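To keep things clear, I will list the structure first and then write my remarks on it.
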Amino acid sequence: MKLVTWNTQWCRGLDGLVSARRIVLGARALADFDVLCLQEIAQGFDGLPGAPGDQPAELRALLPGFQVFFGAAVDEFTRDGRRQRFGNLIATRLPVLRLQHHLLPWPADGGVSSMPRMCTVVTLQDPTLGTVRIMTTHLEYYSGTQRMAQARALHALHAEACGHAAAPPPLADESDSPFQRKAHTPHAVLCGDFNFAASEPEYNVIQADLMLSAPVETASSAMDSIAGGRLRDAWPLVHGPTPQAPTFRLFDRTYGPVPVSCDFVFVSEGLAGRVRHIEVDGQTQASDHQPVMVELL
């Protein structure tokens with residue numbers, strides 16, 4: 001499975017041009033991807049520079065053969081009643097088993113600009129890896145308090161999913177009701193723009209050990225599954241101690257003078273041995289962030 005993740009800045013390049021087509025072409029130049037995870041996708045926010053329009057619809061048209069899932073962290077209306085949505089998007093050509101949208105915590109932090117944040121989760125079936133949860137997100141930039149709360153929530157969401165995989169209901173419901181069997185798996189890829197560096201505490205929160213939360217009678221198998229599900233940064237799995245290449249402020253220094261890496265791919269422990277390649281495109285200027293590609297075999 002090849003996955004590309006990219007904060008697109010509503011598909012706005014450093015030349016000021018807004019082009020979803022250029023983003024898709026740039027991602028395809030990086031890899032013949034099976035999964036594309038995009039952050040900062042806009043719908044109806046015509047006041048943004050470049051008037052991005054309906055980008056989920058545009059991306060669906062640009063990605064024939066892919067299912068496209070848009071999760072809006074911001075979903076609101078203008079004074080004249082027009083709907084505005086802003087969030088993350090996952091596109092995949094692999095079979096999809098389940099879709100979830102999780103709003104992340106947004107605790108009050110007076111005097112700090114912020115917006116709601118969320119995580120979109122698509123559980124899919126890969127012919128080699130099996131059932132995998134793809135999670136993409138974009139954490140708060142301005143508020144450290146909110147960003148830490150969101151990192152903890154992502155860790156909790158992954159732990160909860162691993163718990164379900166380890167301790168499913170005693171009787172599988174094969175009906176077409178909402179109680180029907182769900183596709184649970186401890187195997188996950190969490191990617192996106194986290195707005196923290198590897199030196200910051202949120203980075204370790206994401207990768208902390210998972211806590212057992214299964215009934216006593218399933219504790220042994222649950223412990224094995226959950227212990228194997230801890231998230232790990234994919235970059236050092238391939239490159240060892242070499243720091244990840246910068247993904248932000250590489251060309252545009254509006255938000256600071258030094259390039260940093262804040263766009264990561266984390267994989268669950270059970271997939272760590274399957275990571276074969278990960279790289280950052282350090283050339284494109286189709287966004288103010290650089291895309292990251294990971295390949296798992």
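Points to keep in mind about this one:
- Inter-label distance, nm, simple model (7 Å from Cα along the C-beta direction), ASP80/ARG21: 2.7
- For Cα Rg over 2.2 N^0.38 Å, the candidate list reads [x] 0.98; [y] 1.12; [z] 1.37; the entry that matches the value derived from this model is [x].
- The C-alpha radius of gyration of the range 93-203, expressed as a fraction of 2.2 N^0.38 Å, stands at 1.23.
- Extent along principal axes [Cα atoms of the range 1-147; Å; largest to smallest]: 48, 32, 28
- Amide N proximity, the range 109-138 versus GLN180 label position 7 Å along Cα-to-Cβ, cut-off under 20 Å: 121-126, 131-133
- Once the Cα-Cα distance is subtracted from the 0.36 nm per residue extended length, the MET115 to PHE251 segment shows a gain of 46.4 nm.
- Cα-based equivalent ellipsoid, the range 1-62: semi-axes from gyration tensor eigenvalues, Å: 21, 12, 9
- From its DSSP helices (H runs of at least four residues, each -39,500 (n - 2.57)), the chain gives a residue-normalised ellipticity at 222 nm of -6500 deg cm²/dmol.
- About its Cα centre, the chain has a charge dipole of approximately 340 debye under the convention of +1 per Lys or Arg Cβ and -1 per Asp or Glu Cβ, with nothing else charged.
- Check: the range 28-84 dipole with +1 on Lys, Arg Cβ and -1 on Asp, Glu Cβ, in debye: 80
- Largest GNM mean-square fluctuation among PHE179, PHE33, PHE86, using the chain with Cα springs under 10 Å: PHE179.
- Chain lengthening between ASP173 and GLN67 when straightened (0.36 nm per residue, less Cα-Cα): 35.5 nm
- Nearest-20 debye value, the range 59-162 charge dipole, Cβ charges on Lys, Arg, Asp, Glu: 220
- Projecting the Cα positions of GLY81, ALA57, PRO168 onto the charge dipole of the chain (unit charges on Cβ atoms of Lys, Arg, Asp and Glu, taken about the Cα centre) puts ALA57 furthest along the positive direction.
Every number here is computed from the coordinates shown, using simple stated rules; none is lab data. Please read all numbers here as calculations on a predicted model, not as lab measurements. Virtual Cβ from ideal backbone geometry, glycine too; neighbours counted across all protein chains shown.
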